[in-house]
Amino acid sequence: MTVAALGIDAGSTTCKAVAVDADGHSVGWRLESALPRVEAQTDALLVALALELGAADGVPVVATGYGRKLVRAATRDVTEITCHARGVFADLGTGGTLVDIGGQDAKVIRIDERGRPVDFAMNDKCAAGTGRFLEYTADRLHVPLDDLGPRSLAAPRAEHISSTCTVFAESEIVSLIAQGADVDEILLGLHRSLVSRIVAMVRGVGLTPPLLLSGGVARNDAIRELLGRETGQPVRLPSAPQLMGAYGAALLALELTR
Amino acid sequence: MHDTIPSRSGALAVAREQGRAIVAVLPYHYPRALLRAHRCHPIEVWGPPFEPGDLGALHFQAYTCGIVVKATSFLVREGFDRVDAVLVPHGCDALQGMGSVLGDFVAPTPPVLTFYPPRRARPADRAYLVEEIRALGRRLAEVSGHTPDEADWAEALAAEEAADAALADLYHRRGRLDVDDRRFYEVVRAREYLTAEDFTALAASLPEHDGAPDADGDVGLLLSGIVAEPLDLFDRLRAMGARVVADDLATGWRRVYPPSTLADPYERLADRLLAAPPDPTLGAPLDARAGLLVERLRASGARGLLIYDVTFCEPELFAVPVLRERVTAAGFGVLHVEHELGTTLPNQTLTRIEAFVETLR
Ligand code: SF4
């Protein structure tokens, strides 16, 4: 196994690195919670991955994510839009419409038949429609993050949460709790609220099937299920949804060697 | 080439030395030669971006654009003390509101003049505009104490039309100019406050490439919107491998007024304003504007349209869906971003623009 290129995704919530061989197959990865010192963390993460896999010095590195400009070891930096598109395209072998829901932003990317992003929308100004929205409200309801999806899907009906804004949604939750509403039904309402926000972004960009889903929130089954229901499209997930940015970055780094 | 462009304060001092009354002018369209003929000098107020806006925010709803809020704040803080009058053209509802707030509530010492350009170019609109320019002239005569004679008119029209021709020529020579985008727009925007002759000399001083211009594989963009602030935007675009090959900015190409052959000065000024490139604040039909943008994208070699709007700018936002649809249908990429009219660019905005440039490669 020879490491031919590395990709690093310095995201707002997590920091990910992926190594690929000369054929573009993933041969190793690391994922950590993001620390405030992006330079130091990305240096250490890349060194650790390279040592673990025996990567030679001088392997090209492409950085992506909000901290991409701060990655000292990067040969080049590329936005997360292009990297996610490239990573998901390589993993699933198809273009389409990708929804990527990360910790602090959500993106919808239309990917062409060559794996290139042709249009996109980003929600990055507030927590509405992002993992942070779920995290915050889960915390408010004292529900572990991993239980959010299963408990929502088990709810027989949903409470209506009209706001996609984290702060306003919280006040709606407070009122619902005060009225004795069921927690799982509130959770389902929250998931619906988030998905409605995402679907509006999908409509803005235009849905070209298949519908693809990546990012940390892709681990939540309820999001996948509701997104499919709302759009009428089956939702496909790549093998490692959280690593697609770093994987795409590694593939772009590999292109630098050609 | 002038290395440093005089500041607004410098231009104000020059105009004072020439015995002109200083008029702070809000965006966008106004008959500049009318001011000169009346021995007035316009210094335009577009924010400014560095102004915190707190004093203006006291007077407006939270959803008022940064230009109006910051301009009001700036005038209250220091602007009113430095000028002899303020002119608020009615470019949009926000500016109209500003004119009312300044006149009725702030009531500063310098008089607040308003100017209402029509939204159409029918014969009745033309006749109305001529009268509106005459009325503004009477107010300016009160400010400066000077009523122009024939020689004043001839001098003012010649000087301002030469400056407008120099601006048009800058756009015409753009592909040959040996200056980066930042410098180009610094010079274009100097038209907002320099005297006509200083601007004409500055524009003429921009050097051209010796040989063929260096195409260097950058992604060409057509930049639309009100104002490209902060100017760092151009440096960041260059670092992303993009450059602006044409614009549809209210502070740029939308004020390249065509010449007029009419003899009467008021009719001539009206004629030129009505012939301005399509602009929502002059009520230009959206369809014509979209069609022309597509033509200009093709002619300039741009690969995409970057719509860079001031947050809460209603006239611009209203047009975005139609522009997006028409420009996309013609095969060009479109990105719409909003900015707060400040001195820094948020990382998220830069990421969107950079991703857009990547999609156009
Ligand atoms: S046209 Fe737009 S940016 Fe300009 S003053 Fe009106 S609302 Fe503000």
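The values are calculated or read from the model by the stated rules, or taken from the named source; none is laboratory data. Keep in mind that this is a model prediction, so the values were computed, not measured. Note: ideal-geometry Cβ built from the backbone for every residue, glycine included; neighbour counts use all protein chains shown. In case anyone asks, the SASA skips ligands and DNA or RNA and just uses the protein heavy atoms, side chains included. Shrake-Rupley method; radii C 1.70, N 1.55, O 1.52, S 1.80 Å.
Run a plain Debye calculation on region A:66-161 (Cα atoms as equal point scatterers, no solvent) and give log10 I(q)/I(0) at q = 0.10, 0.12, 0.13 Å⁻¹, rounded to two decimals, same order as the q list. Log10 I(q)/I(0), no solvent term: -0.39, -0.55, -0.63. For region A:72-211, the relative contact order works out to 25 percent when only alpha carbon pairs closer than 8 Å and six or more residues apart are counted. When the alpha-carbon atoms of region B:234-276 are used, the pair Rg, Dmax equals 16.3, 49 angstrom. Quick one: which residues, 5 or more positions from residue B:307 or on another chain, have an amide H under 5 Å from its amide H? H modelled 1.01 Å from N in the peptide plane, none for Pro or chain starts. Here the answer is B:224, B:335, B:336, B:337, since their amide H atoms fall under 5 Å of that of residue B:307. Accessible-area loss of 50 Å² or more (1.4 Å probe, protein heavy atoms, chain alone versus all protein chains) is found in region A:69-104 for A:79. Using R0 = 35 Å, the C-beta based FRET efficiency linking residue A:57 and residue B:50 works out to 0.15. Ligands, DNA and RNA excluded, the heavy atoms of residue B:65 present near 20 Å² of accessible surface to a 1.4 Å solvent probe. The value given for region B:166-248 is a Kirkwood hydrodynamic radius of 13.4 Å, derived from the mean inverse Cα-Cα separation. Phi angles of region B:31-43 translate, via the Karplus equation with coefficients 6.51, -1.76, 1.60 and θ = phi - 60°, into HN-Hα couplings of x, 4, 5, 4, 5, 5, 4, 8, 6, 10, 10, x, 10 Hz per residue; Gly and Pro are given as x. Counting only alpha carbon atoms, the long axis of helix A:221-231 and the longest principal axis of chain A meet at about 80°. GNM on chain B, alpha-carbon springs under 10 angstrom: the most fluctuating residue among B:102, B:35, B:58 is B:58. Note that region A:84-98 has calculated 3J(HN,Hα) couplings of 4, 4, 5, x, 5, 4, 5, 6, 9, x, 8, x, x, 10, 9 Hz, one per residue in order, obtained from phi through the Karplus relation 6.51 cos²θ - 1.76 cosθ + 1.60 (θ = phi - 60°); glycine and proline are x.
For residue B:43, the residues whose amide H sits under 5 Å from its own are B:23, B:24, B:25, ignoring neighbours fewer than 5 places away on the same chain, with H placed 1.01 Å from N. Total buried accessible area between B and A, probe 1.4 Å, nearest 100: 1300 Å². If both residues of a DSSP beta bridge must be in chain A, then about 70% of such bridges are antiparallel. Placing unit charges on the Cβ atoms of the charged side chains and taking the dipole of chain B about its Cα centre, the candidate lying farthest along the positive direction among B:284, B:33, B:23 is B:284.
For chain A, the longest principal axis of the C-alpha atoms and the axis of helix A:131-140 are separated by about 40°. Compare B:309, B:164, B:93 in a GNM of chain B, Cα atoms joined below 10 Å, and give the one with the largest fluctuation. Looking only at B:309, B:164, B:93, the largest GNM fluctuation is found for B:93.
Taking Cα centre as origin and charging only the Cβ of basic (Lys, Arg, +1) and acidic (Asp, Glu, -1) residues, the dipole magnitude of region A:114-258 rounds to 680 debye.
When the solvent-accessible area of region B:260-361 is split by element, carbon and sulfur atoms take up 55 percent of it, the probe being 1.4 Å. Shown is the FRET efficiency for residue A:221 and residue A:76, computed with R0 = 41 Å from the Cβ-Cβ distance and rounded to the nearest 0.05: 0.70. A simple count of charges around residue B:106, restricted to other residues whose Cβ falls under 14 Å of its Cβ and scoring Lys, Arg +1 and Asp, Glu -1, yields -2. Is the shape of chain A best called rounded, prolate or oblate, per the rule: a/c under 1.5 gives rounded, else a/b larger than b/c gives prolate, else oblate, with a ≥ b ≥ c the square roots of the Cα gyration tensor eigenvalues? It comes out prolate by the Cα gyration axes. Rounded to the nearest 0.05, what FRET efficiency do residue B:62 and residue B:162 have when you use their Cβ-Cβ distance and R0 = 51 Å? That pair, residue B:62 with residue B:162, gives E of 0.70.
Against the compact-protein benchmark of 2.2 N^0.38 Å, the Cα-based radius of gyration of region B:97-220 scales to 1.44.
Working note: Karplus 6.51/-1.76/1.60 with θ = phi - 60° gives region B:274-282 the couplings 6, 9, 4, x, x, 9, x, 6, 10 Hz, where Gly and Pro are set to x. Remark: the residue B:275-residue B:197 segment gains 25.7 nm on full extension, using 0.36 nm per residue and subtracting the alpha carbon distance. Residues whose amide H comes within less than 5 Å of that of residue B:219, counting only those at least five positions distant or on another chain, are B:242, B:243 (H built at 1.01 Å from N in the peptide plane). Rounded to the nearest 10 degrees, the inclination of helix B:150-173 to the longest alpha-carbon principal axis of chain B is 10 degrees. For region B:336-361, a reduction of at least 50 Å² in accessible area between the chain on its own and the assembled protein chains (probe 1.4 Å) is found at B:348, B:351, B:352, B:354, B:358, B:359. For region B:53-124, the orientation-averaged shadow of the C-alpha convex hull comes to 5.4 nm² (one quarter of the hull surface).
Counting only protein heavy atoms and a 1.4 Å probe, the protein assembly as shown has 41 square angstrom of accessible area per residue. Rolling a 1.4 angstrom probe over chain A with all protein chains present gives an accessible area of which 51% lies on carbon and sulfur atoms. With each label modelled as a point 7 angstrom along the Cα→C-beta vector, the residue B:311-residue A:174 pair spans 2.4 nm.
A P(r) calculated from all alpha carbon pairs of chain B, with 10 Å bins opening at zero, reads 5, 24, 35, 26, 9, 1 percent. Taken over the alpha carbons of the protein assembly as shown as equal point scatterers, the Debye sum produces base-10 log I(q)/I(0) values at 0.05, 0.06, 0.09, 0.10 Å⁻¹ of -0.28, -0.40, -0.82, -0.96. Mean projection of the Cα convex hull over all viewing directions, computed for region B:1-126: 9.6 nm².
Beta bridges assigned by DSSP with both partners in the protein assembly as shown are antiparallel in approximately 40 percent of cases. Figure legend: label point modelled 7 angstrom from the Cα of residue B:105 along Cα→Cβ; residues of region B:38-67 with amide N under 11 Å from it are B:56-62. Of the two radii for region A:1-79, the radius of gyration is 0.93 times the Kirkwood radius, both from the alpha carbons; that is the Rg over Rh value.
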